[in-house]
Amino acid sequence: MKRQMQVVGALSIFLIATQAAAQQTVIMGAVGSSSSNSWATYVATEKGFFVEAGIKPDVVLAQSNAGVVQQLAAGSLNMTNNSGLVDPIRANEKGAPVAILRVEIQRPPYALMAKPAIKSPADIKGKLVSVGGPKDITRIYVEQMLDRLGVKPGDYDLAYAGATSARFAALSSGGVDAAILTPPFSFAAASAGFNNLGNINDYVDMPFAGVAVNTTWGLANKETVGRIVEVYNRSIAWLYKPENRAEAVAILNRVSKLKTEDAEQAYDYLMAGKFFEPTGEVSKKLIGKLTDALKAIGDLPQDFPVDRL
C-alpha cells in the first residue's frame, strides 16, 4: 500500500509539473483598478480556470483605458481584459490590428456619485466631475445621462482619472464634486454619505467592457484565443450561480479592500441586473449601439461597418 501511495503521489506531482510547464504566457493589459468590472478575471485567476486552460496571464497595468489599447495596437500586449470598448473601436477605425473578442459587461454598471450638498443633477452645474478620460467611455456615459436630465456638456468641468478606485479617492478626499463609479465603490460612496445622482444604465443603453485582442497575435494563436474565451464564459457562469455568492464576495474583497457589505451589494446588483454577458458571442446589435454613439459625436465616420470589429 505504501508503495502504491508513493506511485500515486509521484504521478500527481508529475501531472502538476506537466500542467505548469504547458502554460502559455499571454500578456494582458488592464487599467489599474480593483472594481467589480474585473470580477470575471479575478474569479478565473483564483479558481484556477486560467491554469486549467493552459493559460498564464501576464497582466500589465496602465493608468487609462486609452493607454492600454495603445499598447495593444503596438503589439506590446496580446490582449486586454475588461477594456472599455470605445477605445478598441477607435483604434480599429484608424487601421490598428485590434478587434473585440468578447463582451464582458453588456450594460454600464456605473453610478454618478456626488458630494452630500449636491442633491440633484441640476446641482452639478459649475461643479467638477471626475470621469475616466477625455475620450473615455465614462465621459460619454456622464454626458448622455446628464443631457437627458437637462444638464449640458459645458455646464460642468471635467477631471480625469482612469481607474474607478482613483475617482473614488478623489471624491472621498474632496478633490472633485462628483465622480462616475462602478460597484463596489459606488456602494462604498453611498455608505459614506455621498448622493447617487443616477445609475447610468437607466439612461444609457450600450455595452461597457470586454476583451480586445491584437489581431496579428490572435490569428497566430487561434486555439489559445478560443481557450481564453471559454475561460471567461466559465467565470461568468460561475458568478451567476447563487451558491457562489459568498466566495465571489470574498474574492472581490481581497482586491478592493472595501467592506464586505459593499461587495455583497455589488454582487446582488450586478447579478440581478444581468450586467455580465453570459454567452461569449459578440453581438453586432450590442456593438452597433457603441458605434452609433461614436458616430453621433463625430468620433467615427458614418460609413464605419460593425463587421470590421
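The values are calculated or read from the model by the stated rules, or taken from the named source; none is laboratory data. Computed from a predicted structure; not experimentally measured. Positions of Cβ are backbone-derived with ideal geometry, glycine not excepted, and every protein chain shown enters the neighbour counts.
Kindly provide the set of residues from segment 144-157 that are in contact with a Leu (Cβ under 9 Å, 6 or more places away or on another chain), buried (at least 18 other Cβ atoms within 10 Å of the Cβ) and not hydroxyl-bearing (S, T, Y), ordered by number.
M145, L146
Looking only at segment 103-133, which residues are farther than 14 Å from G198 by Cβ, free of Cβ contacts under 8 Å to residues at least 60 places away in the same chain and over 18 Å from the mean Cα position of the chain (by Cα)?
A117, K125, G126, K127, L128 - these are the residues of segment 103-133 that are farther than 14 Å from G198 by Cβ, free of Cβ contacts under 8 Å to residues at least 60 places away in the same chain and over 18 Å from the mean Cα position of the chain (by Cα).
So G226 clears everything in (1) within 21 Å of A209 (Cβ to Cβ); (2) at pLDDT below 95 except one condition, right? Which one?
Evaluating G226 over (1) within 21 Å of A209 (Cβ to Cβ); (2) at pLDDT below 95 leaves (2) as the failure.
Strands (runs of 3 or more DSSP E) wholly in segment 62-148 with at least 1 residues that are among the aliphatic types (A, V, I, L, M) and more than 26 Å from A40 (Cβ to Cβ) - which ones?
Those strands (runs of 3 or more DSSP E) span 111-114, 128-131.
For the list (1) closer than 30 Å to A220 by Cβ; (2) crowded, with 19+ Cβ neighbours inside 10 Å, I need the number of the one condition that Q71 fails.
Status for Q71: all satisfied but (2).
Which pairs turn up if I take residues in segment 140-168 that are of a type in the set (K, R) and look for partners that are not in a strand (DSSP E or B) with beta carbon separation below 6 Å, at least 6 apart in sequence or on another chain?
That search, which allows pairs on different chains as well, returns R148/Y203; R167/A161.
Kindly evaluate V255 against the criterion of being crowded, with 20+ Cβ neighbours inside 10 Å, touching a residue at least 60 places away in the same chain (Cβ under 8 Å) and of a type in the set (V, I, T).
So V255 fails the test.
Would you confirm, using the coordinates I've provided, whether V7 is at pLDDT below 90 and under 13 Å from the mean Cα position of the chain (by Cα)?
For V7, the condition - at pLDDT below 90 and under 13 Å from the mean Cα position of the chain (by Cα) - is not met.
What pairs come out if I take residues in segment 59-79 that are without any contact (Cβ under 8 Å) to a residue 40 or more places away in the chain and pair them with residues that are part of a loop (DSSP other than H, G, I, E, B) whose C-beta lies under 6 Å away, six or more apart or interchain?
L61/G32
Given the options G218, G298, name the one that is modelled with pLDDT of 95 or more and either small (G, A, S) or touching a strand residue (DSSP E or B) at 6+ places or on another chain (Cβ under 6 Å) (or both).
G218
Could you please let me know if D268 is closer than 24 Å to Y203 by Cβ, modelled with pLDDT under 95 and either acidic (D, E) or surrounded by 13 or more Cβ atoms within 10 Å (Cβ to Cβ) (or both)?
Considered against the rule, which asks whether it is closer than 24 Å to Y203 by Cβ, modelled with pLDDT under 95 and either acidic (D, E) or surrounded by 13 or more Cβ atoms within 10 Å (Cβ to Cβ) (or both), D268 comes out as no.
Test T224 against the stated conditions and say whether it is surrounded by 16 or more Cβ atoms within 10 Å (Cβ to Cβ) and within 21 Å of I89 (Cβ to Cβ).
Answer is no for this residue.
Quick one: would you say R148 is under 21 Å from the mean Cα position of the chain (by Cα), at pLDDT 95 or above and of a type in the set (K, R)?
When the stated conditions are applied, R148 does not pass them.
Name the single residue, out of those in segment 16-54 being of a type in the set (S, T, Y) and surrounded by 15 or more Cβ atoms within 10 Å (Cβ to Cβ), that is modelled with the lowest pLDDT.
The qualifying residue modelled with the lowest pLDDT is S33.
Which residue out of K115, K135 is among the charged types (D, E, K, R) and either surrounded by 23 or more Cβ atoms within 10 Å (Cβ to Cβ) or modelled with pLDDT of 95 or more (or both)?
The conditions single out K115.
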